[in-house]
Structures are given as structure tokens and as C-alpha cells.
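Each remark here refers to the structure printed beneath this line.
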Amino acid sequence: MKIATRFFVAAIALAAFVSPVSGLADELANWTFETSLPTTGGPHVAESGFFSASSFATSNSGGTFSNPAGNGTPESFSSNGWDDTEYYQFLSSTVGFEDITISFAQAASNTGPGDFQFQYSTDGVNYTNFGSVYAGPTPDFNGGTFNPANVLTFDLSSVTALSNQSSVGFRIAVSGTRSENNGTIASGGTFRVDDFVINGVSQIPEPSSLTLLGIGVAGLVLNRRRR
């Protein structure tokens, strides 16, 4: 095999080694509400994540806010007094990241909202519906037991406009007036969220992988010169 051919094959092999590393998801922001203790509409800073210090949760619900038990956790973000113009909102950054995915747990009381629309924003101001209106999970939160039936995930990797943005937003918006028990939303009906997580994939390979690639290529160049 010619030297140039060997160089090309080895470089491709090293590049393939780097690719899986850059495909690992990172936590950009995570609201557990265990330290923010949301007894108001916010803003509440994220408890963890790459952009936690500059990531905020809010709600425009006209009701009373509280922090009852979450999905197997002591705290959640909760309110009553819901109508179909109100939502929970989560703002963060995705600078340096792509392939955004979202997960969170939600629950409502029997007379709380029953239908929801997930939305995203590429500038933190203007929002677009993602997917169709969905019915909220029927189990209520049990503070002592985690229930996977309460957890929802949204894969927004196809929305490339969310990548590498200084400000993005996500909303869980009430849709319509149907309550959880198929009646009409009551003023005392509650809706709560817990463990809202924004994940993304780094657009830059890890330094250790880049170093390995550089060493490998340099070694091939030196070997070629010796020959």
C-alpha cells in the first residue's frame, strides 16, 4: 500500500474515533425545584446544567403558586387558576450545542387542565407549536414514588434553528378548557411540572479526542518523511 493511501486510511480511522465522542448528550439546564422552591411565578434559576446560572423558569398563571411533592421528589412547580392563555416557560442557551431534546414530568388534579401544547422559541420571544395537542398524563404525582408514566420527552433535533442560540425557550401551554376529569377547568384545579431538563449535543469534539487525532496525524506525517 502506498504511503499516501496509508495516511488517508489512518486519518479516516482517527476521525471516526472522534465522532462518537461529539455525539454524547450534555445537560444544558435542569430544574428540579428542590432548591428554587417555586412559590411564585418566577423567575427560578435551574439547579444544574451547563447553562444553569443563566436559565430561568417562569409561569404566567393567574393563580396561586406552591411547591408540593413532585414525581417521587419533595418539590415541584405548581399553580391553580389556569386558562388556555397560560403556560410554564423555560429559557436557556444552546451556544455550542445542537440536537436539542427535552424531558419533564407533569401532572394535574382532577379539575386541573387536561390538554397541552408543547412550544419552542429560537429567540426566547416568539413561539412555535411542536407536534400536536396532547392529553396530560393521568396519574397525579406521588411524593414518595417515581412514576415513569408522568414523564414526557420531546426530540427537537430536527429543529436545527435551535442549535447554537444565545436564547431559546420552551413552553408547556394549556390548550382548551377540558379538565383532567373531562369536565371544565376549575379555578382550584392544579397543574404542576417537575424535573424539566434541556439536553444538547456538543458541536465541538472533546479536547482529548482532538489531541489524539493531532498526535496520530503528526505521527503519520513524520513516518512518511522518514520514508
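The values are calculated or read from the model by the stated rules, or taken from the named source; none is laboratory data. Predicted model, so just to flag it, every value in this text is computed and none were measured. Heads up, the Cβs are rebuilt from the backbone with ideal geometry, glycines too, and the neighbour counts pull from every protein chain shown. The protein model used for the area step is the full one, side chains on, heavy atoms only, and it has no ligands, DNA or RNA in it. Shrake-Rupley method; radii C 1.70, N 1.55, O 1.52, S 1.80 Å.
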Output for region 177-198, where each listed residue is of a type in the set (D, E, K, R) and more than 19 Å from the chain's Cα centre (by Cα):
178, 180
If a residue has to be at pLDDT below 95 and surrounded by 17 or more Cβ atoms within 10 Å (Cβ to Cβ) to count, how many in region 187-205 make the cut?
1
Please go through region 137-164 and give me each residue that is of a type outside the set (A, V, I, L, M, F, W, C), touching a residue at least 40 places away in the same chain (Cβ under 8 Å) and either open to solvent by 60 Å² or more (accessible area, probe 1.4 Å) or touching a Leu at 6+ places or on another chain (Cβ under 9 Å) (or both), ordered by number.
138, 142, 144, 145, 153, 155, 160, 164
When the residues of region 165-175 are filtered to those that are open to solvent by less than 30 Å² (accessible area, probe 1.4 Å) and not β-branched (Val, Ile, Thr), which remaining residue is nearest to residue 91 (Cα to Cα)?
169
Please go through (1) at pLDDT 95 or above; (2) open to solvent by 30 Å² or more (accessible area, probe 1.4 Å); (3) among the hydroxyl-bearing types (Ser, Thr, Tyr); (4) over 19 Å from residue 61 (Cβ atoms) for residue 184 and return the number of the only condition it doesn't satisfy.
(4)
Of all residues in region 28-77, which are within 22 Å of residue 97 (Cβ to Cβ), in contact with a helix residue (DSSP H, G or I) (Cβ under 8 Å, 6 or more places away or on another chain) and open to solvent by less than 30 Å² (accessible area, probe 1.4 Å)?
29, 30, 46
